[in-house]
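The values are calculated or read from the model by the stated rules, or taken from the named source; none is laboratory data. Note that this is a predicted model, so its numbers are computed, not measured. For neighbour counting, all protein chains shown are included, and Cβ atoms are generated from backbone atoms with ideal geometry for every residue, glycine included. Keep in mind that these areas ignore ligands, DNA and RNA; they rest on the heavy atoms of the full protein, side chains included. Shrake-Rupley method; radii C 1.70, N 1.55, O 1.52, S 1.80 Å.
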Amino acid sequence: MRAPSLRLAALLPALLTSTGLMAAPDPADWPAVLEEARGQTVYWYAWAGDQRTNDYIDWVAERVDARFDIDLEHVKVGNTAEAVSRVLAEKQAGNDTAGNVDLIWLNGENFAAMKESDLLFGPFARALPNFALTRPADNPEVVTDFTLPTEGYESPWGRAQITYYYDGDALRGNGDAHDALPQDIEELLAWAEANPGRFTYPRIPDFTGSTFLKQALIELTDRDEALYAPVEESDFAAVTAPLWDYLDALHPHLWRGGRQFPASGPEMRRLMGDGALSLAFTFTPSEPAAAVADYELPPSTRSYVPDSGTLGNVHFVAIPYNSPHQAGAMVIADYLLSPEAQATKQDLDVWGDRTVLDVARLPAEDQARFALDAENPAMLPAGALARTLPEPHPSWMTSLQDAWQARYVGR
C-alpha cells in the first residue's frame, strides 16, 4: 500500500474529523490538541461593528498563524444571533460534523440558547492552560454568564461595564461639569429635560441599547428578585411598568426627540465626536480614553460611573458542537487568555477592552504589560468600576427587546 502524499497526510486529520471518522479532540490532552490544530482554518463568527475590535482580531490572526500555524478567518456579523441561527439550522439539517462555525463571540441570551439546544462543544474551558490565570475560584464572574454557570462550555476573554462619558467643555456653562452629571437613572431624566437633544441611546435590539434598558429597569423596579429568574416566572407587565413610564417621559428630550436612535454604540460615539451629544455611554470602559487618543473625541472628554453603579458582565468565546476545527478553536481561545493577548486588547491604542486575568497575581513582568495610561484625562479613575451590577437572567434581554419594539417602533 502506497503511503499518502505529504499534502494529503497533512489534510487527513481535518478530513477525518469533518466526516465523523476521527473523535473530537480531548481538551485534557493539550499536546495532542496543539498537534491537531496545526494547519487548520478556524472560522470565528464575531461582531464587527467597531473597527478597533476588527483590527484586534486581525492582530490575533497574525499571531496564531505565526505561532501555531492556524489560519484564523474573522466572519463578520452584525448580530451574534446570526451565528447561533446558522448552527441551529445545521443541527436541524443533520449536519453534526462539518459545521461552518468554529468559534463564536457570545454571552447572555445567545449562550443560553446554544446550551439549551445542545449546540456547544465541551466542556473545554478549564482545560485551557491559560484559563488558570483568571483565578475562577476568586473571580466567579468568569464562570457565570447572565446568572447561568458556564460549566466549561465557553471561555472568558473580556469585561464590559456601562461607563458614561461627557464633553466637559460643552457642559461648562452648568458650573462644575462633574457635579452637574446624573448619578442615577432618575437624575438622568432630569438632566435630559434640562439639556434637550443632548443624550440618547442606541436603537433596540443593539446590545448597548438593550443593556441601557436593563440598567434602567434594575434601578426603577421594586421587584429586583424577579430579574434573576427566568422571565416567564414573573409578571412581566408589572415588573417592567416603571421602565415604560420612564422611557415615555425620557424620549421627547432625547436626540431628535426620540423619533430616531443611533444604530449602535460606535454611532453614538460618532455623534459625541460631532458635537451632537454632550453625554453618552459605552459598554467598554476604556473606549472614551481610546477615542480621545485616536482623535475621535475631543480632549475635553471625561468618563465616570454614576454613584448608583452600572451593569457589567464578562464576554466569552464558545465552540459549536459540529465544528470540524475544534482543536484550532481551543488553541485560539487559550491564546486569547494569554497575558500578551489580554494586555494588547486592553491597550488604548488597540481596543481598550478590559482583561479577565487576575493581574495582581501574574508575574511582575506580565503585570507591567497592563499599566494604564493615567495621563489620558478621559480614563476612569482607579476604583471607578468597583460597583458592578449583575446581569439579569438572559431571558429578560429578548423579552425587553420585543416589548420595546412593540411599543416604540413605527410610532
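Here are the numbers for this structure:
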item: Chain lengthening between ALA98 and GLU186 when straightened (0.36 nm per residue, less Cα-Cα); result: 26.6 nm
item: Share of pairwise Cα separations in the chain, more than 26 Å, in percent; result: 56
item: Average Cα contact separation per residue, the stretch 312-364, under 8 Å, 6 or more apart, as relative contact order %; result: 22
item: Most to least packed among 29-38, 396-405, 379-388 [average Cβ atoms within 10 Å]; result: 396-405, 29-38, 379-388
item: Accessible area (Å², per residue) of the chain, counting only protein heavy atoms and a probe of 1.4 Å; result: 43
item: Top positive-direction residue, dipole computed over the chain with Cβ charges, set PRO390, VAL359, GLY49; result: GLY49
item: Order by protection proxy (mean Cβ within 10 Å, highest first), peptides 252-260, 291-299; result: 291-299, 252-260
item: Aspartates and glutamates with Cα under 12 Å of LYS91, excluding same-chain neighbours fewer than 8 positions away; result: ASP118
item: Debye, to nearest 20: dipole size of the stretch 117-172, +1 on Lys, Arg Cβ, -1 on Asp, Glu Cβ; result: 180
item: Furthest towards positive pole of dipole, SER85, VAL142, LEU119, structure part the chain, Cβ charges; result: SER85
item: Helix 207-220 axis, angle to the chain major axis (alpha carbon atoms, nearest 10°); result: 50
item: Gain on full stretching of the segment that runs from VAL409 to PHE236 - 0.36 nm per residue minus C-alpha separation; result: 60.3 nm
item: Carbon/sulfur fraction of accessible area - the stretch 60-121, other protein chains in place, 1.4 Å, %; result: 41
item: Neighbourhood charge, 12 Å Cβ-Cβ cut-off, centred on SER210 and excluding it, Lys, Arg +1 and Asp, Glu -1; result: -2
item: Net charge of Cβ neighbours under 11 Å - reference ASP373; Lys, Arg +1; Asp, Glu -1; result: -3
item: Share, in percent, of DSSP beta bridges within the chain that are antiparallel, nearest 5; result: 65
item: Relative contact order [Cα under 8 Å, 6+ residues apart], the chain, whole percent; result: 26
item: The chain, dipole about Cα centre (Lys/Arg Cβ +1, Asp/Glu Cβ -1), debye to the nearest 20; result: 760
item: Point-to-point label distance, ARG67-GLU82, nm (Cα→Cβ direction, 7 Å offset); result: 2.9
item: For the stretch 322-411, fraction of C-alpha pairs farther apart than 17 Å, in %; result: 69
item: Protein accessible area in the stretch 275-411, 1.4 Å probe - carbon and sulfur %; result: 50
item: Heavy-atom accessible surface of the stretch 128-272: percent carbon and sulfur, 1.4 Å; result: 49
item: Cα-based reach from LYS214 at 12 Å (exclusive), listing aspartates and glutamates while leaving out same-chain residues under 8 positions away; result: ASP224, GLU391
item: Protection proxy ranking, peptides 203-209, 335-341, average beta carbon neighbours within 10 Å, highest first; result: 203-209, 335-341
item: Cα Rg over Rh - the stretch 197-288, Kirkwood; result: 1.01
item: Estimated [θ] at 222 nm from DSSP helical runs (n ≥ 4, -39500 (n - 2.57)) normalised by residues in the chain, nearest 500; result: -11000 deg cm²/dmol
